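**Student:** Take a look at this one; I'll ask things after.
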Amino acid sequence: MNSGTAKPQGSSLSEVIKQLETSPDGLSQEEAQNRLKQYGYNELEDKKVNTLMMLLSYFWGPMPWMIEAAIILCALVQDWVDFGIICFLLIGNAAIGFTEEKSAGDAVAALKAQLARQATAKRDGQWKTVLARELVPGDVIRIKIGDVLPADLKLFDCDPLTIDQAALTGESLPVTRETGDLVYSGSILKKGQAEAVVTSTGVNTFFGKTAKLVTEAESTDHLQETVLKLSDYLIIINIILVAIILLVRVHDGDNFVQVLKYCLVLTVASIPLATPTVLAVTMAIGAQLLAKKNALVTRLAAIDELAGVDMLCSDKTGTLTLNQLSLGDPWTLANVDPEEMLLSAALASSSEDHDPIDMTIINGLKNPDQLQNYQITHFIPFDPVRKRTEAEIISHDGTTFKTSKGAPQVILELSPNKEAIAPQVNAQIDALAQRGYRALGVARTNIEGEWEFLGILSLFDPPRPDSQITIENARKLGVPLKMITGDQVAIAKETCHQLGLGQNVIDANIFRETPASQMSQLAREIKYADGFGQVFPEDKFHIVESLQKQGYIVAMTGDGVNDAPALKQSSAGIAVSGATDAARAAADIVLLTPGLSVIIDAIKLSRQIFLRMQSYCVYRVVETVRILFFVTIAILVYGSYPVTVVMLVLLALINDGSMVTIAYDNTKIPKQPQRWNLTFILSFATFLGLVGVIETFLLYYYTEIYLKLSHEMVQTLIYLHLAVGGMMTIYVTRVQGPFWSVPPAKTMLMATGLSVAISTILGWFGILMAPVGFWWTLASWGYAFVWFLIFDWLKLWLYRLLNKKKVVMLGQRYLRIWKQFSGD
C-alpha cells in the first residue's frame, strides 16, 4: 500500500493546495476516507519479526549450539534415549521462550496502542479530533505549542513559529518557520500556533525517508547488566570445571565423544537458560499490573529503574496541584474599573484551545455575552519566551485597540510610566506570592496606541487532595520529592508549605549566574533543596543531571514540552495525565489519571519485582555452583559420573521450567530503594552453593562408598536430591527473613510442587533411571528438608554478617579481582 506523498516541497502554498486538490477548509470526511484507502495510514510500518523466524531464533546462539552439539553426539554414539530427551529439552526451551516473548511483546504493544496520538483536523468545514494515523495529504490541521507534528506540513498564514527538529536534523537550537514554510513530521512545536495543510504522510515524510529500517537497540538497564555479569561468572566457572573433567576423563581412557557429550549437557544444565524468559515474564506482568492502575509502561526496563529511584522531581502545576484555577480579588491602579480590567484580560484570551488560565478569566466575567461586541482580528498565544498573550481588537463602534495579559513584570515593561507605578505593582505581586497566588498583569492600549498598565489578576491553583499524602508515602519509601515550577520563588515556597515540604526553595536564576568554579557548591545546594522556582526547561534538565552525577537514581514527572528533556534524561521519566505528545514521547511511564498517587504503587511494585529477580539470581548461582563443583569433585575423586546425561537434562527442563512462576511470587515491600549489589549476590550465593556441594557430596559418599549401593541407584538418589533440594533452595532465597515469614504465591507453590512431584515419581518408580522405592525416596526427602532448615539458618547468619562494613569491603575487593579476571 502506498503512503502519502509530497511532491511540492519547494512549491508555493497556493501551488501545494492546488496540487493536493484541497482548500483552507480542508477535506470532506468522505474524501478523507477515500484518500486513506489510497495512501494508507500515516505511520511508519513496524518492522515485525516473522513469527517463524522468531521461533527459529531460539535454535540459534551459543546455548542452543551446545544443546544441538549434544544431540549430534548422541546420534553418533546411537544413544537414542538421550537423543530424544535432549531434543525435547531444546524444543521445550524454544517453545517456552517463544511463547513468553511473544506474550510480553503483545502486552507492550497493546499498552502503547492506548497512547495513540491525536490531531485536530478540519473535516466537512468543522474542526474535529482525529487519530494522527488517519491524516491524509490535503488535510488541514491545527497545531499548537507542545505538539509533535504528525506529518509533513505547509504552514498557512501565521506568526513565526519556533520548531525543535533536533531529532531529525541534529540541530542543537530550534529553528524559526513562517507562512508557506514546510515543517516536518516528528518535530516539536516550541512556540506559537498555526493552521497547516498536510503534504506528506507515512514513509514519504522527511522523517520516514530518513528513518533507519532497523530497530534501534535499547540501552542496557541495570538489571540486564547484572544478569549478564552473573551469566559470565557462571560460564567461566563452567568452562574451567568442564575442561578439567574433559581432560581427566579422556586421560583415564574414557571415550572422547561420550565425555564431550556429558560435558555439553552439564553445561546446559548449569547455565541459567531460563533467565531471559523469567526476566521478560516478570517485567510484562508488572506492566500489566500497572496498566490496571492507569499507568502505561512504554519501556519495560523503567520498572526495574523505579525500584532504585531515591529522588523524585515533580512538576507543580497539574501534578501536585489541581490545575483548576480560581480568580482572587483583582487589584487595579487608580481610576481603573476592575470589571473593565477583567474584560481586557478576557479579550486577550482564547477559548478555542481550552487553556486553563484563559478559561478561568473568561468564565470570571459577570456577563460573558459582552465579548460578542468585540472582534479579535489577530491573536498571539502565550509562549514560555514571550510570557504574555496579545490580541488586536475592533469594538462594535469601530474602535481598534490591543490588550495583553501575562507575567506582571513583562506587562509592566510595556507601560511608558513603568518607573512610577513599579513600586506599588511589585508590592502587590509580592503580597500575592506570599499567599500562594499567581499574578497576571493586564494592559490595554489607549487612543494614542500606548500601552497602559491596568492592574493585576490573582489566580490560585490549590494542591491536589492526595498530594501531601503521596509526598509523605514517598518519603516513607526513602524517596524524597523536590518540587520544580516556573512560578516565582515566593509562590513555590507557599506551595511547598501547603504540601508539607521544606522551605528551602532555590531561585533557578542561580543556575545561569553561577561561575564554573562554583558548580560543586551549586550541586550541594541542588541536593539539599526542597524545591526550585522560576525554572526554565534547561534548568529542569540540569537539576536531574546534577542529582544523577551525585549518585541518585532520579525519577522525573512532567506534562509539557518543556519537561521533555528532563524526562528523557531521568532514569524513569513519568508523563502525567494530560501530558503533551512531546512529554509522552520522552517518558517511560504515562499516567492516565491525575495526580501522583499511582507512582507510589509503581515504586512498591517495582521493588517487589526487584526482589523476585534477585531471589531468582541467587537461586541460580547456588544451584549452578552446587551441580558443577559436586559433579567435578565426584568425577575427579572417584572416577565415576554421579548423575547421568538424562538426569542433567531433566534437571534443566523440570526445575528451570517451574522458575518462570517466580514472577507471581509474594514479597514484602522494601522500605528503602533497591539496587543491584553484585558483590552481595556473588558472595552470598557462592557460599550457599559450596555448602550445597558438601551436602550433596555427603549423600553421595554415604550411599556409594559407605553403604555400597549400586551405582545406578546412587545416581537416582543424587538426581532426586538435586531436584528436590533445588526447589527447596528457592524457598530459602526468596525472602530475607525466615522461610515462613512471607507465604509463597499459589501459582509458584503449585509449579514447584508439580516439579518435585514429577522428579519424585521418576526416582521412586525408576522412569528413565533406576528405581529407589518408597523408603529411599522418603529418606531423600527427609535429608533434603533437614538441609533446607540448615540453609535457612545459614542465610539469616549470612545476611547479618554481610551487612558488616568490613565484609562488604572484602567483597568489593573480590569483585574488583573478578572484574580484572573476566575482562569487564
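Every read-out reported here was derived from the displayed coordinates using simple, explicitly stated rules and does not represent laboratory data. Keep in mind it's a predicted model, so treat the numbers as computed, not measured. Don't worry about glycine lacking a Cβ; one is built from the backbone with ideal geometry, like all the others, and counts go over all protein chains shown.
**Student:** List the trypsin sites (Lys or Arg not before Pro) within the stretch 666-738 that DSSP assigns to loop and that have no more than 11 neighbouring Cβ atoms inside 10 Å. Don't skip to the end; give the middle numbers.
**Tutor:** Working: sites: Lys668, Lys671, Arg675, Lys708, Arg734; in loops: Lys668, Lys671, Arg675, Lys708, Arg734.
Loop-located and lightly packed - Lys671, Lys708.
**Student:** Shifting gears a bit: Taking 0.36 nm per intervening residue step and subtracting the Cα-Cα distance, what contour gain separates Met750 from Asp159 on full extension? Write out the running numbers ahead of the final one.
**Tutor:** Numbers: separation 591, 0.36 × 591 = 212.76 nm, distance 6.65 nm.
That works out to 206.1 nm of additional length.
**Student:** Right, another one. If eta is 0.890 mPa s and T is 25 °C, what Stokes-Einstein diffusion coefficient results for the stretch 542-689, Kirkwood Rh from Cα pairs, in µm²/s? Numbers along the way, then the final one.
**Tutor:** On the way: Rh = 19.0 Å.
D = 129 µm²/s.
**Student:** For an R0 of 25 angstrom, estimate the FRET efficiency from the Cβ-Cβ distance between Ser12 and Gln375 and round to the nearest 0.05.
**Tutor:** Working: r = 30 Å, r/R0 = 1.18.
Once rounded, the FRET efficiency stands at 0.25.
**Student:** Which chymotrypsin sites (Phe, Trp or Tyr not before Pro) does the stretch 638-741 hold that lie in a coil by DSSP with at most 13 other beta carbons within 10 Å?
**Tutor:** The qualifying sites are Trp740.
**Student:** Could you state the principal axis extents of the C-alpha atoms in the stretch 288-374, from the largest down, to the nearest angstrom?
**Tutor:** Projected onto its principal axes, the Cα set of the stretch 288-374 covers 61, 27, 17 Å.
**Student:** How large is the Rg to Rh ratio of the stretch 449-587 when both quantities use alpha carbon positions and Rh follows Kirkwood?
**Tutor:** Values: Rg = 16.2 Å, Rh = 16.2 Å.
Using Cα coordinates only, the ratio equals 1.00.
**Student:** Now, a different point. Subtracting the Cα-Cα distance from 0.36 nm times the residue separation, let me have the gained length for Leu796 to Arg524 in nm, one decimal. Mind dumping the intermediate values first?
**Tutor:** On the way: separation 272, 0.36 × 272 = 97.92 nm, distance 3.82 nm.
Between Leu796 and Arg524, full extension yields 94.1 nm more.
**Student:** While we're looking at this one, here's another question. What's the Kirkwood radius of the stretch 326-460 in Å, using all Cα pairs? Let's see the in-between values first.
**Tutor:** Values: mean 1/r = 0.0673 Å⁻¹.
So the Kirkwood estimate lands at 14.8 Å.
**Student:** Find the all-direction average of the projected area of the Cα convex hull for the stretch 424-471, expressing the result in square nanometres with one decimal place. Write out the running numbers ahead of the final one.
**Tutor:** Working: hull surface 18.1 nm².
It is 4.5 nm².
**Student:** Taking H as built 1.01 Å from N, whose amide H comes closer than 5 Å to the amide H of Glu452, not counting residues under 5 places away?
**Tutor:** Correct list: Arg444, Thr445, Asn446.
**Student:** Just to be sure I understand the model, the point goes 7 Å from the Cα along the line to the Cβ. What's the resulting Asn367 to Ser710 distance in nm?
**Tutor:** Distance between the two pseudo-spin positions: 10.8 nm.
**Student:** Along the Cα→Cβ direction, 7 angstrom out, place labels at Gln19 and Glu339. What is the inter-label distance in nm?
**Tutor:** 5.6
**Student:** What is the P(r) of the stretch 330-401, as percent of Cα-Cα pairs per 5 Å bin from 0?
**Tutor:** 3, 15, 25, 26, 20, 9, 1
**Student:** Give the span of the stretch 384-446's Cα atoms along each principal axis, as three whole-Å numbers ordered largest to smallest.
**Tutor:** 42, 26, 22
**Student:** Could you tell me which of Pro416, Leu432, Ala348 has its Cα farthest along the dipole of the stretch 326-460 towards the positive end, charges placed at Cβ (Lys, Arg +1; Asp, Glu -1), taken about the Cα centre?
**Tutor:** Leu432
**Student:** Let me ask something additional. Per the Debye formula with a single identical scatterer at each Cα and no solvent contribution, what log10 I(q)/I(0) holds for the stretch 729-795 at q = 0.17, 0.21, 0.28 Å⁻¹?
**Tutor:** Log10 I(q)/I(0), no solvent term: -0.72, -0.95, -1.16.
**Student:** Can you pull the one-decimal nm distance between simple spin-label points at Ile447 and Ser640, each 7 Å off the Cα toward Cβ?
**Tutor:** Distance between the two pseudo-spin positions: 11.8 nm.
**Student:** Now for a different question. For a Förster distance of 60 Å, can you work out the FRET efficiency between the beta-carbons of Ala95 and Gln409, rounded to the nearest 0.05?
**Tutor:** Details: r = 67 Å, r/R0 = 1.12.
Once the sixth-power term is evaluated, E becomes 0.35.
**Student:** Any chance you could run the full-extension gain for Lys292 through Leu698? It's 0.36 nm times the residue separation minus the Cα-Cα distance, nm to one decimal.
**Tutor:** 141.1 nm
**Student:** Another question about this same structure. Give me the Å³ per residue figure for the convex hull around the C-alpha atoms of the stretch 613-757. It would help to have the intermediate numbers written out before the result.
**Tutor:** Numbers: hull volume 16.5 nm³, N = 145.
Normalising the Cα hull of the stretch 613-757 by residue number yields 114 Å³.
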